[in-house]
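Below: the structure, in structure tokens.
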Amino acid sequence: MREAYTDIDYPEDIAERRLFVINAPNYFFTTYANVYRALEDLPVPQGTHRLSPNAPIPAKMTVTRVDEDTLRSVGEHGFQYMLFRDIDKPFQVGDRIELLHLTVEIIEIDEVGRAMAVDYHFPEPLESRKYCWMQMDLSMRFEPYTPMGIGETQVFYDD
């Protein structure tokens, strides 16, 4: 893990940018990367968000660019929120979660209120220099990522 965290190919100005990881399979890997790098006095982003469902192994997800500042993410098995939200407070379609660097809107839920599709609304177009985009390959390495064009769709972890 040390090699994976220290070898991240961040741009030189990462400390002034917000990192969005389009397909990180779980919350912990991206969070630990920042903790480890900070402890080693390596630069870390202003903020980090992963835009994929939380799962123990990579799960199929489909991402569509809706407009200049919105991405829609659909998880094959939904977004596992149990680590971050009381199971007794299920989501409703239209719920909005305001985060520091983006807003998450619930677009579709399953029968128990788990989000199946969400829209990520960004305060600026996805190409903003304030953002750094990365993706993860199957060996859990961070790689640069370029957001797709408006109306385009990309599938991750499709067998």
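The values are calculated or read from the model by the stated rules, or taken from the named source; none is laboratory data. Remember, it's a predicted structure, so these values are computed and weren't measured experimentally. Cβ: placed from backbone, ideal geometry, glycine included. Neighbour counts: every protein chain shown.
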Within segment 70-77, identify whether any single residue is more than 21 Å from Ala24 (Cβ to Cβ) and either buried (at least 18 other Cβ atoms within 10 Å of the Cβ) or in contact (Cβ under 8 Å) with a residue 12 or more places away in the chain (or both), and answer yes or no.
no
Are any residues in segment 131-147 assigned to a loop (DSSP other than H, G, I, E, B) and surrounded by 13 or more Cβ atoms within 10 Å (Cβ to Cβ), and if so, which ones?
Met140, Arg141, Tyr145, Pro147
Within segment 1-50, how many residues are in a helix (DSSP H, G or I), over 15 Å from the mean Cα position of the chain (by Cα) and of a type outside the set (S, T, N, Q)?
12
Subset tally (residues that are hydrophobic (A, V, I, L, M, F, W, C) and farther than 15 Å from Lys89 by Cβ) for segment 105-122
5
Could we say that Ile106 is in contact (Cβ under 8 Å) with a residue 12 or more places away in the chain, surrounded by 19 or more Cβ atoms within 10 Å (Cβ to Cβ) and farther than 26 Å from Asn34 by Cα here?
yes
From Val63, Val21, Val74, residue being under 28 Å from Arg96 (Cβ atoms), touching a Lys or Arg at 6+ places or on another chain (Cβ under 6 Å) and at pLDDT 90 or above
Val21
Of the residues in segment 119-140, those that are modelled with pLDDT under 95 and either under 15 Å from the mean Cα position of the chain (by Cα) or of a type in the set (Gly, Ala, Ser) (or both) come to Met134, Gln135, Met136, Asp137, Ser139, Met140
Here is a list: Pro58, Pro43. Which entry is of a type outside the set (A, V, I, L, M, F, W, C) and in contact (Cβ under 8 Å) with a residue 40 or more places away in the chain?
Pro58
Out of (1) of a type in the set (Asp, Glu); (2) within 23 Å of Asp158 (Cβ to Cβ); (3) more than 13 Å from the chain's Cα centre (by Cα), the one Glu105 does not meet is (2)
Need the failing condition index for Asp86 against (1) farther than 19 Å from Thr62 by Cα; (2) within 16 Å of the chain's Cα centre (by Cα), just the number.
(2)
